[in-house]
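Heads up, the thing below is written out as structure tokens.
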Amino acid sequence: MPLVSIAMYVTSEPLAAATAELWSFLRHYLAQAGLTDLPETPDRTVPYDEAWLRPDLLLSQTCGYPFARSLRGSVRLVATPVYDHPGCDGPLMCSFIIVRKDSSLGSLEDLRGTTAAINSPDSNSGSNLFRAAVAPLAQGGRFFGRIIDTGSHGSSIAAVAEGRADSAAIDCVTYANIRRFDPSLVEGVRIIAETPKGPGLPFITSGNTSDDQVLLMRRALGAAIREPSLAAMRATLGLVDFAVLAEDDYQPLLSLTGEALPQLRA
């Protein structure tokens with residue numbers, strides 16, 4: 001049975017339920033087209049980053065920076081979701097740079113020498129776009145006084161709200177989802193800037209997947225956008241379309257900062 005793991009935006013139950021509904025529709029569409037032995041629900045036991053390189057992967061969603069840096073050539077792009085949340089522009093998206101609500105920090109320059117929280121060093125939204133935003137202000141490749149690795153956007157928000165970090169960059173889709181479904185988590189923070197935009201989190205499949213199957217999955221995703229009965233699901237996810245991008249469209253994520261700040265570090 002092939003692996004389906006769609007685990008990037010499922011932190012609250014409404015999102016998880018909507019994602020399961022999306023896959024249920026896709027599964028039915030693919031089965032009608034002749035694909036068999038498909039899982040009934042997305043796998044939630046395999047860590048999402050382990051799923052990306054599984055040879056039996058049928059469908060997953062990855063972060064754009066790992067795709068550009070290490071997954072290209074080993075997986076195939078299927079499509080990139082288009083969300084209607086603030087900070088999104090077609091298949092492009094930014095991150096919001098946040099500080100504590102009562103903080104005196106009000107600009108990127110104010111963050112010099114302070115403590116930044118990142119969810120992961122290889123995260124596009126939490127680290128790479130953050131790096132791109134502060135790179136023009138860096139001196140000798142350095143800007144922050146200290147950097148802590150929190151493991152997730154939610155943990156980065158908590159670190160800022162609790163005073164363990166002064167700032168963080170939060171994926172605008174994640175931020176919108178938290179504001180809608182877990183608003184108390186962002187009550188203690190505010191946005192002071194947006195990062196540059198880059199292509200969003202693409203849906204991928206195994207590098208062994210045939211051209212016909214990739215095309216079939218793109219058609220299934222397009223059908224999910226047009227299906228009237230899925231309107232509530234799309235609204236929950238903030239999903240309005242899917243764009244088919246080329247691998248080269250993700251190349252700019254590797255060079256957003258030039259040489260000014262090759263690593264996000266103190």
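The values are calculated or read from the model by the stated rules, or taken from the named source; none is laboratory data. Everything numeric in this text was worked out from a predicted model, so none of it was measured. No Cβ is skipped: glycine too gets one built from the backbone with ideal geometry, and neighbour counts run over all protein chains shown. Side chains included, ligands, DNA and RNA excluded: accessible areas come from the protein's heavy atoms. Shrake-Rupley method; radii C 1.70, N 1.55, O 1.52, S 1.80 Å.
Only helical DSSP H runs with n ≥ 4 go in: add -39500 (n - 2.57) per run for the chain, normalise by residue count and round the 222 nm mean residue ellipticity to 500 deg cm²/dmol. Numbers along the way, then the final one.
Numbers: 7 runs with 72 residues, N = 266.
Taking each H run of at least 4 residues, the total per residue is -8000 deg cm²/dmol.
Evaluate the charge dipole of the chain about its Cα centre and quote only its size in Debye, nearest 20, assuming +1 on the Cβ of each Lys and Arg and -1 on the Cβ of each Asp and Glu. Walk me through the intermediate numbers first.
Details: 22 positive and 29 negative charges, 85 e Å.
So the dipole magnitude of the chain works out to roughly 400 debye.
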From the phi angles alone, apply the Karplus equation (6.51, -1.76, 1.60; θ = phi - 60°) to segment 62-79 and give each ³J(HN,Hα) in whole Hz, x where the residue is Gly or Pro. 10, 6, x, 5, x, 4, 5, 7, 9, 8, 4, x, 10, 10, 10, 6, 9, 6
Please give the per residue accessible area of the chain, computed with a probe of 1.4 Å over protein heavy atoms only, in Å². 43 Å²
State to the nearest 20 debye the size of the charge dipole of segment 1-141 about its Cα centre, where the only charges are +1 on K and R beta carbons and -1 on D and E beta carbons. 380 debye
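State the extension gain, in nm to one decimal, for the chain segment bounded by Glu194 and Asp89, taking 0.36 nm per residue of separation less the distance between their alpha-carbons. Spell out each step's value before the answer.
Numbers: separation 105, 0.36 × 105 = 37.80 nm, distance 1.29 nm.
Net length gain for the segment: 36.5 nm.
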Could you run the Karplus curve 6.51 cos²θ - 1.76 cosθ + 1.60 with θ = phi - 60° over segment 14-22 and give me ³J(HN,Hα) per residue in whole Hz, x for Gly and Pro? x, 5, 4, 5, 5, 5, 5, 5, 4
Scoring segment 87-237 by relative contact order with C-alpha pairs under 8 Å, at least six apart, yields a percentage of 34 percent
Just grab the label-to-label distance for Arg164 and Arg54, each label 7 Å out from Cα along the Cβ direction, in nm (one decimal). 3.0 nm
Name the residues whose placed amide hydrogens come within less than 5 Å of the amide hydrogen of Leu245, ignoring near sequence neighbours (fewer than 5 apart) on the same chain. Thr80
Once you have a ≥ b ≥ c as the square roots of the Cα gyration tensor eigenvalues for segment 167-247, tell me rounded if a/c is under 1.5, and otherwise prolate or oblate according to whether a/b is larger than b/c. oblate
Which of rounded, prolate, oblate describes segment 111-266, given a ≥ b ≥ c as roots of the alpha-carbon gyration tensor eigenvalues and a/c under 1.5 marking rounded, otherwise prolate only if a/b is larger than b/c? oblate
Might you work out the accessible area of Asp49 for me, using a 1.4 Å probe with all protein chains in place, and round it to the nearest 10 Å²? 90 Å²
For segment 22-94, what size does the Cα cloud have along each of its three principal axes, sorted from largest down, in whole Å? 37, 28, 23
Using the Cα centre as the reference, give the magnitude of the dipole from point charges on the C-beta atoms of segment 156-213 (Lys, Arg: +1; Asp, Glu: -1; all else neutral), rounded to the nearest 20 debye. 220 debye
Non-local residues with an amide H under 5 Å from the amide H of Leu57, with H modelled 1.01 Å from N and Pro and chain starts lacking one, are Leu3, Ser206
Pairwise label distance in nanometres, Asp149 with Ala235, each label 7 Å out on the Cα-Cβ vector: 4.1 nm
